[in-house]
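Student: I have a structure here, written as C-alpha cells, and I will follow up with some questions on it.
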Amino acid sequence: MNAHLTHQELNAYIHQTLNDAQRETLDAHLINCPICRAHLSELDVLQQRVRRELAAELKALNVPLSLTLEAIAPQLKQRRALVFRRFAMRLTAAVAATAAIVILVMLVNNPQPSPTSIASVLTVNQAANFSTLGANTFADGWFLAGTAPQNYETGTDQVVTHDGKSSGYLSSTVPSSEGFGTWMQMFKADDYRGKRLRLSAYVKAENVIDWAGLWMRIDGPENEVLGFDNMQNRPIGGTVDWQQVVIILDVPQNSVDIAFGILLQGVGRVWIDNVQFEVVGQDVSTTQLKEDTTPPIPQPINLGFEAGLNGWIPESTSQDYVTDIDQTVAHSGQASGHIQSQQADPAGMAALSQYVKAAEYRGKRVRITEYIKFDGASTDARFEVYAFGPHNTTLQFDSQPLYSTAQWQKRDTVLYVPENSDRIAYGVVLEGQGQVWIDDVQIEMVDSQVLPAPADRSVEQQPTNLDFETGSAGWSTADSDMQEYVSGIDPTVAHLGQASGSIESLVPKPGGLGLLRQTVKADDYRDKRVRVSGYVRADRLDGGASFLLTISGQQDQMIYANSRSIGGPTNWQWFGFVLNVPANSDRIEYGLALRGEGQAWIDDVRIEFVGDDIETSSFETSPIQRAFVGPSQPDNLDFESSPDLQSWFNSGNADYEAGIDHNVFRTGNSSAYLKSKQTINTGSYEVLSQFVGANGYRGKRLRLSGYIKGNQVEGWACLWLNIASSSNQLLGLDNMQNRPITGTRDWQKYEIVLDIPEDGATIGLGVLLQGKGEIWLDDVNLEVVGQDIPTTNPYQPQPLNLDFENSN
Amino acid sequence: MPDIDILIQRWRAGEQRAAEALYQQFREQVYRLAYGLLGEPADAEEAAQDALSYALLNIRRFDPNRSSFTTWLHTITVSRCRNRYRRKRSNSVSLFTWLEEGHDIVDPSAAPEHLARRREIHGEVWKALRALKPPLREVILLRYWAGHTYQEIANIVGCPLPTAQSRVRLAFDQLRTRLAPDDLATLEEEQAL
C-alpha cells in the first residue's frame, strides 16, 4: 500500500481541482485506506460546515432598510453624457432636420445639472433655452421668451377676445423671423403630481407663415423633461378663427415644475384666451410627443456615394438648399454627395449625414475620415461627427470648419462612442451660400489616443515630453477599475503650445481612479533639491483631480509622496512640490490622477533644481473638499482689490476672457469684465463666481445685487445666486431667466432675492455671460433682507391670469 | 422569480420599473456579499449601494456572452469592497496603491450609530473568515457562499484559473487550521501511524 495521501492531495480532492488521472490515483488509495477516508470525510464535514454557517450567518443579517433604490434613483434618470454641457447648443444646429424639430430639441433638451455649483447656474434656463426676454410683458405671470424674442411682442387685446374683456397676443414685429417666440409661464407641479393634466386654450391665428402651437412641459427634479407637447405634429398655421386646442400630459410623482405657453415660429400673430387646467382621468389619452429621431442603419454603407444617396440622410432647416449626387465631381469613383444653396442668401442650413447604429462601436474610439470639397468663401461649412444617446442627446461631438478651396480636403477625427450611445452620425453641414461635396468616407476603430496600460509602462532615463507636444511619448496610464477612464493627449486644450495630457471618465459614477503619469530614474536628482511642478485644469468634477509626485526606492518602497487636489471647474492652476530627493531614491513618478466623474488636463510639467533658499513642501496632503470649507462672506465685491479678481473664480472657458477693467467702472477705479471671444455663438458660457458658506444665512432671505453694463450681448447675461446642499444638490437658483440682460445697456442695478433653506451648505453668486458680447460687473452686494421683500424665484406656486383679465 | 435577462433588456431600453425589479432582486445578495467581505454594516451598505448603482447605470457594459449577470454583479461588488479595504491598509508600495488607499482624500470613518449596530454574536466560521486576508476571504465567500465555479471566481477576482483554485484550497486550509486545531493534530497523528 502506498504512503498516505498528503493533506494537499486530499484538499485538492474535495475541491475537485484534480484532473481525471490524478483523481483515479487518489480513489484507488482511498478505497483501501480508512485513515485517509476519515481524513477526507473530516474535510468534507468541514466544507459543509463552512457552507452552512456562512449561509446562516449572512442570512441572519439584517439588510439595512436604507439600502433602497430611491437613494440612487436620481442617478438612474436618463443621464446626459458627461460632456453634454459643452455641446448642448450645437445639437440644435446640426441634428435639426426641420424647424419643428429645432423647437422640440430646444425645449426638450435640457442638460442635467452637473454636481458642481457653477454648472447649475445654467440648468433652469437651459431647460427652456429661452435666451432673451423682451421688455413688453404686459400681463401678470406671463413672460416672453424663445430663441428670437426680440422679433416678437406680446400684450393684451381688448378688441379681439374669445371671452371676457381681453385676450393675450403674441405677434412678430419684423418681416421675417428665423427663430420662435413664446409667451409662457412656469409654476410648481405640486398640485398635479400623479395626475393627468389637461391644458386647454382658445387660440386664433392671423397670417402665421410657419406655425404656432400651445405647449406644455413637465420638468423633473434635475430639470429633465418628464413630459412635453408643443403641437408640432398638429401645428396651427395661416389664418384661423378661435379654436380650442388641448395638451394632455401626465404629471409624474417626481415632477417639480410645469411650464406652458403659446409659441410662434416665424412671422404672424396669434391670440390666446381662456387657458384652463384640469385634471382628467386615465381614460383620456395624452398628447405626449413621441421622440423623432432618424432611424440608424445597421452599419456604414455607400461611403463613396457610388450608389446614390443610399444610406445618407439629407436634412435642411429651409427650402433654400438642394442635396443630391454630383456625377461630375468625385474624389474617387464616379460621384460624390453634394449640397448646394439655391439662392444668394439662403436661410438656415443643410446637412448630409449618415446615421449608424452605435452597437458595434460602443466603448471604442472610431476614426472617421471624409474627403470634402467646399466652395463658398464667406460661408460656414463643417465636417461633423456625433455620438447620440437616448432621447437624442449628444454624447460626443466634433465639428471642424472647412476652408473654401478648389481642392479636396481630408478631414478626420477620433470619436469616442460612449457605452450608452444609440447612434453615431457623420457628414457635412453647409450654412450659407455655396456648395459642398463629400466623398470616400472611412470609419475605422482606433486605439491610438489611448495610452499604454501600466504593464507596458517604461521608466524613462530623463523626463521627456513634459509639455505633451510630442504625443503620448513617455506617459502611461492606469485605470484601477474596469476601464472607467481614458487617458490621452488632448490636442484641443493646452496650457502652452498645442496639446495637453488628459484623463476623462467614461462611465457614470466610476469607482476607481484614472491616472496619467511618467516615471523617471532618480539618478540625476539624488541628494539634490528639486522642484517638480505642473499645470492642472479640471472640468465637471464630482471627485477631484490631483497633481502628484512620488519617489520609490529599489525595493519598490515608497519614500516620498505628495499630492495636491482640485475640485470643480478650474482654469489652469499651478502646483509644485519642492523636496530633497533622498539618497536611496530609485524612481520619481509624477502626473495627474482623477477620481470620480469629469475631465482633467495636465500640461507643462517641469523638474528643476532649486537652491537651498527655496523651502521644501510639507508632506501634508490637501484633502478634496468634500464638505464646503470656504469663506462665510463674499469678498472684493467692488473689484478694487489686488491681485485682480481676488476671491472670484471663472471656469477658464477659452471662448471667453475675464479680467479687471480700469477704464470702465461704476464706482472706484475698476470693474470686472467678461468678454466673449467667439465669432459665432457656440452656446458656451463663462461665469465669474464666488462661493460662501451658508451657515450665517440659513433660514434667512438673501438679496444679491450688482451693477451690470452690457455691450452687444447676443445670448444672455445675468446675475445669479444659487444654494446647494452639502451633497451639492441644487436647492435654489435664480439666474434671471425671466429677465435676462441682452443687447447694449449702461450700468443698471439687478437684484436677486432668494430664501436660504435650512439644509443649504453653499451659496454661489456671480455673473454669467452666454453667447457673444461683453459685460462689466461692479458694486456687488449680498445682504439679509426681511420677509417683506418678495423673492425673485421665477417659479410661481400656481398658474396666474389665465384669462388675461389682469393687465398691468 | 422574474426572468433576469428580460429585466435587463427592459432596463436597457430605459424602463425604470425594470431597474427597480433588478435592484430588489439583488440588493440583499449584494449587501450580504459586501458584508461578508468587509464585516462592517455601514461599509457594506455603502459598497453595496455603490455596486448596485454602478451596475444599473452601466448596464450596457454588461455582456451576457461573457458572464452571467450575477457574476458580473459580484465582480463589481468585490471591486468596490477592495477599494474600501485597500483604503484602510497602511503599507503601500506604489503611487497607485497609495492613491487607491485614499491618501489624497478625506475618508470619513463610519458614524458612531453605525458602529453601534455591529453585531457581537458570530459563529466560529465567521470569526475564522474575518481572520483571513482579503484575497482569501473573497474566494471563500465566492466559492462557499455564492457557489461560483472556479472559472467565475477567476473572472471575478481577476486571476488565472489555477490561481483561483489554489487560492480556494489555501483559504480552506487556513479556515481549517483556525476551526479545528485539535482534530487536526489527531488526524495527522493517525496518518503518521
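The values are calculated or read from the model by the stated rules, or taken from the named source; none is laboratory data. Owing to the predicted nature of the structure, the values given are computational and were not obtained by experimental measurement. Glycine also receives a Cβ, built like all others from the backbone with ideal geometry; neighbour counts cover every protein chain displayed.
Student: Hey, among A:432, A:427, which residue is modelled with pLDDT of 90 or more and either within 14 Å of chain B (Cβ to nearest Cβ) or buried (at least 16 other Cβ atoms within 10 Å of the Cβ) (or both)?
Tutor: A:427
Student: I need the full set of residues from the stretch B:132-147 which are over 16 Å from residue B:159 (Cβ atoms) and of a type outside the set (A, V, I, L, M, F, W, C), in order please.
Tutor: Result: B:144, B:147.
Student: Filter the stretch B:159-179 for residues that are at pLDDT below 90 and at the interface with chain A (Cβ under 7 Å from one of its Cβ atoms) and give the result.
Tutor: Of everything in the stretch B:159-179, just one residue is at pLDDT below 90 and at the interface with chain A (Cβ under 7 Å from one of its Cβ atoms), namely B:179.
Student: Pick from the stretch A:355-365 the residues that are touching a strand residue (DSSP E or B) at 6+ places or on another chain (Cβ under 6 Å) and surrounded by fewer than 24 Cβ atoms within 10 Å (Cβ to Cβ): which of them is nearest to residue A:326 (Cα to Cα)?
Tutor: The qualifying residue nearest to residue A:326 (Cα to Cα) is A:355.
Student: In the stretch A:1-58, which residues are out of contact with any helix residue (DSSP H, G or I) (no Cβ under 7 Å at 6 or more places or on another chain), within 11 Å of chain B (Cβ to nearest Cβ) and not in a helix (DSSP H, G or I)?
Tutor: A:3, A:6, A:16, A:33 - these are the residues of the stretch A:1-58 that are out of contact with any helix residue (DSSP H, G or I) (no Cβ under 7 Å at 6 or more places or on another chain), within 11 Å of chain B (Cβ to nearest Cβ) and not in a helix (DSSP H, G or I).
Student: Here's something else I'd like to know. List the strands (runs of 3 or more DSSP E) that sit entirely inside the stretch A:527-568 and contain at least 1 residues that are more than 9 Å from chain B (Cβ to nearest Cβ) and at pLDDT below 75.
Tutor: It comes to A:558-566.
Student: Go through (1) surrounded by fewer than 23 Cβ atoms within 10 Å (Cβ to Cβ); (2) among the charged types (D, E, K, R); (3) in a strand (DSSP E or B) for residue A:217 and report which single condition fails.
Tutor: With (1) surrounded by fewer than 23 Cβ atoms within 10 Å (Cβ to Cβ); (2) among the charged types (D, E, K, R); (3) in a strand (DSSP E or B) applied to residue A:217, the lone miss is (1).
Student: Tally time: how many residues in the stretch A:519-561 are among the acidic types (Asp, Glu) and within 23 Å of residue A:489 (Cβ to Cβ)?
Tutor: Of the residues in the stretch A:519-561, 1 are among the acidic types (Asp, Glu) and within 23 Å of residue A:489 (Cβ to Cβ).
Student: Follow-up. Can you find a residue in the stretch A:355-368 that is more than 30 Å from residue A:159 (Cβ to Cβ), free of Cβ contacts under 8 Å to residues at least 40 places away in the same chain and of a type in the set (A, V, I, L, M, F, W, C)?
Tutor: Taking every residue of the stretch A:355-368 in turn, at least one turns out to be more than 30 Å from residue A:159 (Cβ to Cβ), free of Cβ contacts under 8 Å to residues at least 40 places away in the same chain and of a type in the set (A, V, I, L, M, F, W, C).
Student: Something else now. Only residues that are at the interface with chain A (Cβ under 10 Å from one of its Cβ atoms) and surrounded by fewer than 20 Cβ atoms within 10 Å (Cβ to Cβ): list them for the stretch B:22-46, please.
Tutor: B:24, B:27, B:28, B:29, B:42, B:46
Student: Of these, A:307, A:344, which one is over 23 Å from residue A:423 (Cβ atoms) and not acidic (Asp, Glu)?
Tutor: Exactly one of A:307, A:344 is over 23 Å from residue A:423 (Cβ atoms) and not acidic (Asp, Glu), namely A:344.
Student: How many residues are more than 15 Å from residue A:590 (Cα to Cα) and either buried (at least 20 other Cβ atoms within 10 Å of the Cβ) or within 13 Å of chain B (Cβ to nearest Cβ) (or both) when one looks only at the stretch A:514-526?
Tutor: 0
For (1) closer than 22 Å to residue A:746 by Cβ; (2) touching a Gly at 6+ places or on another chain (Cβ under 9 Å); (3) in a strand (DSSP E or B); (4) at pLDDT below 80, each residue gets a yes or a no:
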| site | (1), (2), (3), (4) |
| --- | --- |
| A:689 | no, yes, yes, no |
| A:702 | no, no, yes, no |
| A:709 | yes, no, yes, no |
| A:713 | yes, yes, yes, no |
| A:718 | yes, no, yes, no |
| A:723 | no, yes, yes, no |
| A:727 | no, no, no, yes |
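Student: Looking only at residues in the stretch A:372-393 that are surrounded by fewer than 21 Cβ atoms within 10 Å (Cβ to Cβ) and assigned to a strand (DSSP E or B), which one is modelled with the lowest pLDDT?
Tutor: It comes out as A:380.
Student: When you go through (1) without any contact (Cβ under 8 Å) to a residue 40 or more places away in the chain; (2) under 33 Å from the mean Cα position of the chain (by Cα) one by one for residue A:155, which number turns out not to apply?
Tutor: (2)
Student: Further, regarding this structure: Could you please give the count of residues in the stretch B:1-43 that are closer than 23 Å to residue B:63 by Cβ and not in a helix (DSSP H, G or I)?
Tutor: Final tally of qualifying residues: 6.
Student: Between a first residue in the stretch A:276-290 that is touching a residue at least 12 places away in the same chain (Cβ under 8 Å) and a second residue that is among the hydroxyl-bearing types (Ser, Thr, Tyr) and in a strand (DSSP E or B), which pairs have beta carbons less than 7 Å apart while being 6 or more apart in sequence or on different chains?
Tutor: A:276/A:200
Student: So, one more: Could you tell me whether the stretch A:575-593 includes any residue that is part of a strand (DSSP E or B), modelled with pLDDT under 75 and more than 22 Å from the chain's Cα centre (by Cα)?
Tutor: no
Student: Then there's this: Can you name every one of the strands (runs of 3 or more DSSP E) wholly within the stretch A:146-214 that holds 1 or more residues which are in contact with a Gly (Cβ under 8 Å, 6 or more places away or on another chain) and within 10 Å of residue A:271 (Cα to Cα)?
Tutor: By residue number, A:152-157, A:167-172.
Student: Could you please find all residues in the stretch A:157-206 being of a type in the set (S, T, N, Q) and within 26 Å of residue A:793 (Cβ to Cβ)?
Tutor: A:182, A:185 - these are the residues of the stretch A:157-206 that are of a type in the set (S, T, N, Q) and within 26 Å of residue A:793 (Cβ to Cβ).
Student: Output the number of residues of the stretch B:181-193 satisfying the condition of being at the interface with chain A (Cβ under 7 Å from one of its Cβ atoms) and either modelled with pLDDT of 60 or more or more than 13 Å from residue A:46 (Cα to Cα) (or both).
Tutor: Residues meeting the conditions: 3.
Student: Within the stretch B:122-143, take every residue that is at pLDDT 95 or above and at the interface with chain A (Cβ under 8 Å from one of its Cβ atoms) and give me the one that is farthest from residue B:41 (Cα to Cα).
Tutor: Only one residue tops the list, namely B:140.
Student: Something else about it: Which condition from (1) assigned to a strand (DSSP E or B); (2) surrounded by fewer than 16 Cβ atoms within 10 Å (Cβ to Cβ); (3) within 32 Å of the chain's Cα centre (by Cα) is the one that residue A:278 breaks?
Tutor: The number of the failed condition is (3).
Student: Looking at the stretch A:171-197 only, could you name the residues that are farther than 30 Å from residue A:221 by Cα and of a type in the set (A, V, I, L, M, F, W, C)?
Tutor: Residue satisfying the conditions is A:174 alone.
Student: For the stretch A:47-67, state whether one or more residues are of a type outside the set (S, T, N, Q), surrounded by 16 or more Cβ atoms within 10 Å (Cβ to Cβ), modelled with pLDDT of 50 or more and within 30 Å of residue A:418 (Cβ to Cβ).
Tutor: Yes: one or more hits.
Student: Further, regarding this structure: Any residue in the stretch B:50-68 that's at the interface with chain A (Cβ under 7 Å from one of its Cβ atoms): show its pairings with residues that are at pLDDT 85 or above and surrounded by fewer than 19 Cβ atoms within 10 Å (Cβ to Cβ) at Cβ separation under 6 Å, as long as the two are six or more apart or on different chains.
Tutor: Pairs found: none.
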